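Let me begin by presenting the structure, written as structure tokens, before commenting on it.
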């Protein structure tokens, strides 16, 4: 699940990183070091996403929703018109293009993990070369791969917006000419097509940066030309793409899905609200759990607090920093802070991880000084990252696993409970059969969802009108199996609109199997079969 460095490459990366030469005076690293680092990241990512020799691990998390919607696009459906989507269509379209090119296969999904990890690693290293010198340039990408991306390898829209934002930063670090601003604005538009909040706040960050350049009298062209180059491609991309879907689904639908729904209902539960902050930190019961804690401490300690420290250092050292370096760092701080604000309303660990790359770059700049404390922190991070880079792929390949030949290809499982659920349902169904309320099972078993929703939630995330539409679709085209989470005390909450849905299941289906998730009886998923329970 994560990017890394080949076992033989780790010493080459770590030993030069911890040498004591001042980072801004050291010679540039040989190109071979960058090539070997890229190869090491590729090996790490492959060993985290594929079981040797070439069996993809089953995908988990919210990424499955986007791959499922991409499959629906391939089958001729249109986002917003034919199924609900609360973010712009960029991720759905990107994955649909991959499915059209290579087919709907399990390996395609895991290959995306390798591709996005390598792309982020490259752009992080590119930016690092603008603010650091010598082998220290490699440290941000190494930290990003093993502590950040490795802990959040869930390929949702957030990662693609962050990649576009970092690419825009890299381009603008070459100067504020109108051509570079035009390219950065285009990337802003692409970022917005993946995540509306990240793209919009990234655009605002660039506006602030250009205003700061004007105030500093260091811009390369006229202010009017700069802002025209910034506004035009951004507006053109959004109006062109969203205009198409407004034509297909209607303005009211697009406005509700992309604006009203996220503002009114996305934060109704704890998962998408500020209350989720720090709740994902794993419990420590035995000494080995401390190792699992390290990436969480790393990300939580950096985002967003490193920006406060960084801005303070920029102000304190404003007269001694080279002009170009100060510009690069101000841009990186502004974009990084904008990305953080985009997820601040629901600061889950995963979301903080997706916006952490700028913070990692700033952290590396801060510890690049030659004080004993900075040198100690650098050495500690290098050693920890090297250990993680070696152990994570080894553990992934040697832990318990089993494989299944599924309709979209052979797939590996590292959780026995998930394996048994897939195995049982694969024996009971056939491709194109109707199924509802579990997108992962639906996608990997090539089952068809007859509704416009991917699932029914028990909070405001699923609106009453959506529940009614789901029931109508199920009545017209009843699936043979429906997945259902068990009831709990929270179902009396006023935000739970799923009572009619559950009642429909109880009236028309019978419980046929219970599967415990993550090996705990506290988390279970029920499979309900159409029709009354047969007499035994």
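Values quoted throughout were computed directly from the atomic coordinates according to the rules given, and no laboratory measurement underlies them. All values derive from a computational prediction rather than experimental measurement. Heads up, the Cβs are rebuilt from the backbone with ideal geometry, glycines too, and the neighbour counts pull from every protein chain shown.
Rounded to whole Å and sorted largest first, what semi-axes of the equivalent ellipsoid does the C-alpha gyration tensor of the chain yield via the square root of 5 times each eigenvalue?
Working: eigenvalues 352, 161, 82 Å².
Semi-axis lengths for the chain are 42, 28, 20 Å.
Below 8 Å between Cα atoms, with a sequence gap of 6+, how large is the relative contact order for the chain in percent?
Once divided by the residue count of the chain, the mean separation gives 17 percent.
How would you rank 378, 126, going from fewest to most other Cβ atoms within 10 Å of each one's own Cβ? Can you show the working numbers first?
Working: 378 22, 126 17.
So the residues, fewest neighbours to most, are 126, 378.
As a check on your grasp of the helix formula, calculate [θ] at 222 nm for the chain: sum -39500 (n - 2.57) over DSSP H runs of n ≥ 4, divide by the residue count, round to the nearest 500. Before the final figure, lay out each step's value.
Working: 22 runs with 305 residues, N = 536.
Mean residue ellipticity, 222 nm, calculated: -18500 deg cm²/dmol.
Going 7 Å from the Cα of residue 465 in the Cα-to-Cβ direction, what parts of region 61-105 have a backbone nitrogen less than 18 Å from that spot?
Answer for this model: 79-87.
Starting with the fewest neighbours, write out 343, 74, 286 ranked by other beta-carbon atoms found within 10 Å of each beta-carbon. Let's see the in-between values first.
Details: 343 22, 74 16, 286 6.
Ordered by Cβ neighbours within 10 Å, fewest first: 286, 74, 343.
For region 416-530, treating each Cα as an identical point scatterer without solvent, what Debye log10 I(q)/I(0) comes out at q = 0.11, 0.18, 0.21 1/Å?
-0.34, -0.94, -1.27
Averaging sequence separations of C-alpha pairs under 8 Å and six or more residues apart, then dividing by the length of region 301-375, give the relative contact order as a whole percent.
On the way: 52 pairs, mean separation 30.4, N = 75.
This gives 41 percent for region 301-375.
How many percent of DSSP beta bridges within region 416-530 run antiparallel, rounded to 5? Walk me through the numbers on the way to the answer.
On the way: 11 of 14 bridges.
DSSP beta bridges in region 416-530 are roughly 80 percent antiparallel.
Between region 253-329 and region 24-103, what's the alpha-carbon centroid distance in Å?
Cα centres, region 253-329 to region 24-103: 23 Å.
Taking the Cα-to-Cβ direction at residue 510 and at residue 224 and moving 7 Å from each Cα, how far apart do the two end points lie in nm?
Calculated label separation equals 7.9 nm.
Once you place label points 7 Å from the Cα toward the Cβ at residue 273 and residue 379, how far apart are they in nm?
So the two model labels end up 4.7 nm from each other.
If one puts a single equal scatterer on every Cα of region 339-474 and applies the Debye formula without solvent, what log₁₀ I(q)/I(0) results at q = 0.17, 0.19, 0.20, 0.22 Å⁻¹?
-1.07, -1.13, -1.16, -1.21
Calculate how steeply helix 196-216 sits against the longest principal axis of the alpha-carbon atoms of the chain, using the helix alpha-carbon long axis, and give the answer as 0 to 90 degrees to the nearest 10.
Helix 196-216 sits roughly 10 degrees off the main axis of the chain.
Using only the alpha-carbon atoms of region 251-398 as identical scatterers, what base-10 log of I(q)/I(0) does the Debye formula give at q = 0.16, 0.18 Å⁻¹?
Summing over Cα pairs of region 251-398 leads to -1.03, -1.15.
In what sequence do 512, 195 fall when counting other Cβ within 10 Å, fewest first?
Details: 512 15, 195 28.
Result, fewest neighbours first: 512, 195.
With angles folded into 0 to 90 degrees, how steeply does helix 464-476 sit against the dominant principal axis of the chain? Use alpha carbons for both and round to 10.
Around 50 degrees separate the two axes.
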